[in-house]
1. Would you say C:Ala225 is open to solvent by 10 Å² or more (accessible area, probe 1.4 Å) and without any contact (Cβ under 8 Å) to a residue 24 or more places away in the chain?
2. Find the residue count for the stretch C:288-326, including only residues that are away from chain A (no Cβ under 14 Å) and either farther than 25 Å from C:Ser197 by Cβ or part of a loop (DSSP other than H, G, I, E, B) (or both).
3. Search the stretch C:455-480 for residues that are at positive phi and pair each with any residue that is of a type in the set (Phe, Trp, Tyr) and open to solvent by less than 10 Å² (accessible area, probe 1.4 Å) when their beta-carbon atoms are under 8 Å apart and the residues are at least 6 apart or on different chains.
4. Scan B:Lys184, B:Lys148 and give me the residue that is touching a residue at least 40 places away in the same chain (Cβ under 8 Å), more than 26 Å from the chain's Cα centre (by Cα) and assigned by TED's automatic domain parsing to the domain that holds B:Asp313.
5. Just to check your reading of the model, which residue among A:Glu252, A:Glu215 is more than 14 Å from chain C (Cβ to nearest Cβ) and among the acidic types (Asp, Glu)?
6. Could you list all residues from the stretch B:38-83 that are open to solvent by less than 30 Å² (accessible area, probe 1.4 Å), closer than 26 Å to A:Ala295 by Cα and of a type outside the set (Gly, Ala, Ser)?
7. Among the residues of the stretch A:17-49, write down those that are within 11 Å of chain B (Cβ to nearest Cβ) and either in contact with a Gly (Cβ under 6 Å, 6 or more places away or on another chain) or open to solvent by less than 40 Å² (accessible area, probe 1.4 Å) (or both).
8. List every residue pair whose Cβ atoms sit under 6 Å apart, with the two residues 6 or more apart in sequence or on different chains, where the first one lies in the stretch C:410-430 and is assigned to a helix (DSSP H, G or I) and the second, anywhere, is among the small types (Gly, Ala, Ser).
Amino acid sequence: MSDRIDSLLGQALAILFALGLGAIVILTVDESPLRVLVTLLNGAFGNPERIAGTLLQTTPILICGIAACISLRAGLFNIGIEGQLFMGGFWATWVGFSFNLPPVLHLLLAMAVAIIAGMAWIAIPAFFRARYNTNEVVSTILANYVAILVTSYLTINIFKRPGGLSETPPIHESAYLPELFSFSRLNWGLIIGLVLACAVHFFFTRMSRGYAVSEMGANPKFAEYGGIDIKRQIFVVLLASGAVGGLAGGVEALGVHHRFMEGFAPGFGFDGVIAALLANGSPIGTIFTALFFGALRSGSLLLEVDTTASREIITVIQALIILAVSAQITIKRRASDSTAGERRWKF
Amino acid sequence: MSSWSRRLVALCGATAFALASQAALAKDVHIAAISGYFAQGFGVSIVNGLKKAEKDLGVKVKLVDTGNRALDYEEQFNNIAKSGEYDLVFVMGWELVDALQKTAAAYPNTKFVFIDGVLDSKQIIYANFAQNQGSFMAGALAALMAEKGSAVEGLGDGKAIGFVGGRDIPVIRDFLAGYEQGAKTAAPDIRLDSVFAGTFDDPAKGSELTMALYGQGSDIVYNVAGPTGEGVLQASAAADKYSIGVDIDQCNVAPGHVMASMLKKADVAVYSLVKDVVDGKGIEPGSIHTYDLKSGGVELLLCPQVVDKIPADVKARLEALKTDVIDGKITVATVK
Amino acid sequence: MPFAIELKSITKRFGSFVANEGVNLAVERGRIHAIIGENGAGKTTLMNVLFGLLQPDEGEIWIDGEKKILPNPAAAIAAGIGMVHQHFKLVPSLTVAENVFLGMEIRKGGLIDHKAQIERTASLSKQFGLQVDPSERVGLLSVGIEQRIEILKVLVRGARTIILDEPTAVLTPQESRELFQTLRGFVAQGMTVLFISHHLEEVMEVSDTVTVLRHGKEVATRPTAELTKSDLVQMMVGRFVSFDRRPRPPTSGKTVLEVEDLWCRDERRVQALRGVSFKVRAGEIVGIAGVAGNGQTELAEVLSGLRPSSHGAIRLQGRPITGLSARAIRAAGIAHVPGDRLVRGVDRNASIALNMLMGRQDQKPWSRSGIIDHRYLTEQTTALIKRFDIRARGPESPVKSLSGGNIQKVVLAREFSGDAGFLLIDQPTRGVDIGAQEAIHGEIMRQREAGKAILLISVQLDELSALADRILVMFNGTVMGELPGDRVDEEEIGMLMAGVRPGSGASARGAA
């Protein structure tokens, strides 16, 4: 346990270091770092509406982050969450506008289809990883491009809503994921994300299957020796990760946009992977890292309006944080683990 | 004072400094523009108009780049509207329509100007371009030149002109309608071949389709297809034929082969609306400001590299047609 | 004529562990000199000292009659010494020639002169009979050719003495023969070869002189021709007198494990088991002896379901278990203490408790309807820590905080606390201190008394003679012979381990 705290402390220091570098970057564009910070905080947490806005940004990062946690804990790297999100979002929308069903049932069906779409989209990379040990990083990242293009094609050429826009018809209200407050688009997706984080945490710490999965991630040879069916488990874990990725897309489509459009929700899959890595693969930790990224994003929207600093500054700072934290993880691994080859990703 | 010490002052003075400066400027006119396309053709034109207004009229301008995440749009609009700071907010991009309409309804005191289109909302101000009129001129030029045929260097006797649209949507049909009417009015015997690429983002496809049109006898092809259209222009250079640019000055994309550019002068539109605000003229919510041949908001620019090859009688005829449109003797059809 | 290499009473310590103790080594120019010893005897440490990778705590290095200090490999290379490591360090995306000249590129006008590099590589490869295509990309080549490139790298840097660390470990028999040919070519051209191995056959075949190391000390240096293989084995493993034989009641249980004509291949697709048959009865410890690398590891892996067999049958309590998964074999009643415990036996970063759970996470009462009973796990772990005398702060201590002996006790505690009828124990005391060894041996004897059938694989003969009821000697994937555990004849077991059947005088490998 103290190990975990140690590593979180190291990462907090890395983030501070990155913020320091960020301050220097801000100075170079003739803006005051303090003012930028105040604006960021104000933009992220200034009033209930803005807090809701931050949580709205947090939700997809959180759910994608949980998808990443599932694979990372198993020593696998599903970097195709982006594609699963697009697929989940598109097919949930399709259910949303194509069928007329009673309210709750319609929503549940659309969510289920989002999950199945995410699973379907990772099934091939998962099969090849399990059966032929094909590198899942490469295959899932390639699947991203295909997913984005396929959904874009379907949207523009087959399911386009009449009129000038590159988007599908809106979904019926019976498929809406309800909003939490009247003043924001923040919806039940956040609750789903939080419950999911707790459930995944419970799975890994309290359930025997979760134990088997995390031991496979920690030391696959040990797991194999202990009688765990590695191949089958790799397949199942990647499917589960893809399912959550698809769910993230469903939540965005049914809770926020109520339709699918070209460039639906770019980048959330990658943000999720980074949030999960920063959280050491812990789903509970991911709640906080996702909130951190959500606040950065949401705060940066006000930053652009209220200061002369452009939003790209935040992208630069985000990149600096990622760099500093991954450097910190790498250095720590070199220093402490003489058998680093044992595990592909260390938490 | 060196720039580093200025930064230091900025760092120390932080918020107080910022608040003081805002108070001092309270009487200035503040203009914002929000779009994801400030780096691309039409968006650049908007930025140019705003810069000119900044310089000539002394207004303060804020550009807000939407990026590409739909999730962000609403909050970005809210942040602008809520600040209450801006006298006019220009909006460009159809993907922003939902967020725009929602915000405009919630903040009726903020004046949003939607550029290049008209929506249902009565809260919003519209800057619209008579692209049908500009395209009318483009069609007339193309048809008159095609009629000349091989008498003009670089042309054949196919007696046809071409059109490449991005996707088959009403706004593109509006261009096509004007183009067709212009051609028929100027030279009724010229055939028009039109195709739609189905995408705005595929220059290679634009090239391919243009080559096919050239193969069917067209010598001049008008593109209304965004980046896909760049492929049209490049194909004209590759095939040693002619093309017509759209929205902005595209003469330099394939110099010597782009015969003309149909300009939608967003800079003119933006500047004139800002000037109205500075001059204290009220702009009514829901008003539609149309920029046409008459106001100089659309214009057919003959490319300088080609202008000498265009026979004088063609030029004269174009001027006459333009006058007819401006005077209302010719009504150009439109598609909504 | 001075020696090409002379090491004078080299001592190298790592903390309290002495890897080399007063080792003398004199190598004549133009000879192939083998250094042989069991794993952990200090061969590689000694060579790393000679190559400047490690600094000796005591002793001197003389090269060609001159005393040298070698602070780093660059100094060793400058002194004409080259080393080919066990693990190659090549860049797959570069060509053979580019790899050979990596870091010392031939330049022409500031650019790399690829043509000259290719020509020079080709001429060296011809001179020494190391066939390679200089312009081919390394990523496409076989391990044998990669090794040639490593040797060329050494040659191009002007080495006159070449050290090869276990060069045949990664090679097929055919590739090994080609390598030996090359090495003979080197000495014919006046070079000196130092050759590290634990394979007797190879040493006998290729070397002129051999130095035997045991437990970090030099045991003997002799011309190879004066020695037999069984001499070498005895020198390598030493006399086995350090443990007293454990007293025991006689065995009379029924057969628990039966292995019949078992065959399998290793990672390189080479036959690692060639028809092994034996039986283990309840209340009996059967020992497997042999020089490491003669199929013992593969035997353990096949029995535990981690490696497929290509032929043969395994029966547990009369039921066939051949080809079952590791999970099914565990469920059928085999517990396994793996030889490479840090790799297979534990998750070093997890707590002792979570390590105790492995393999039984789905069983009651460890878990119920998929949910782990952490309270039960903690209770059991605390009890096992006490029973097996594991020196740890508590069940939540991470395994990596424990000493080697205590980590092994964690593995034993887990494997012995189940209800498996057959225990497969591989190298139980490797790298474990004396005190822990005693405790582990005691625990194994208790398991015997409890009526378990035990297969004990060990390269330590003293351990086998202390514990085993019968000893099977493995050589080259076969069982060479069987000895009673209480009357181990040194001479006889040495011959069997060297692949010689007592009385026949013929090598088994020659016949296989």
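1. Working: open to solvent by 10 Å² or more (accessible area, probe 1.4 Å): yes; without any contact (Cβ under 8 Å) to a residue 24 or more places away in the chain: yes.
Spelling it out, C:Ala225 is indeed open to solvent by 10 Å² or more (accessible area, probe 1.4 Å) and without any contact (Cβ under 8 Å) to a residue 24 or more places away in the chain.
2. Just the residues of the stretch C:288-326 that are away from chain A (no Cβ under 14 Å), to begin with: C:288-296, C:298-299, C:309-320, C:322-323.
Next cut, either farther than 25 Å from C:Ser197 by Cβ or part of a loop (DSSP other than H, G, I, E, B) (or both) only: C:290-295, C:309-320, C:322-323.
Looking only at that region, the number is 20.
3. none
4. Numbers: B:Lys184 fails: more than 26 Å from the chain's Cα centre (by Cα).
Result of the check over B:Lys184, B:Lys148: B:Lys148.
5. Numbers: A:Glu215 fails: more than 14 Å from chain C (Cβ to nearest Cβ).
When all the criteria are applied, what remains is A:Glu252.
6. Within the stretch B:38-83, B:Val64, B:Thr66, B:Arg69, B:Leu71, B:Asp72, B:Tyr73, B:Glu75, B:Gln76, B:Phe77, B:Asn79, B:Ile80 qualify.
7. A:Ala23, A:Ile26, A:Leu27, A:Glu31, A:Ser32, A:Pro33, A:Val36, A:Thr39, A:Gly43, A:Ala44
8. C:Val411/C:Gly345; C:Glu415/C:Ala335
The values are calculated or read from the model by the stated rules, or taken from the named source; none is laboratory data. Quick caveat: nothing in here was measured; it's all calculated off a predicted structure. Don't worry about glycine lacking a Cβ; one is built from the backbone with ideal geometry, like all the others, and counts go over all protein chains shown. Areas reflect the complete protein model, heavy atoms only, side chains present, ligands, DNA and RNA absent. Shrake-Rupley method; radii C 1.70, N 1.55, O 1.52, S 1.80 Å.
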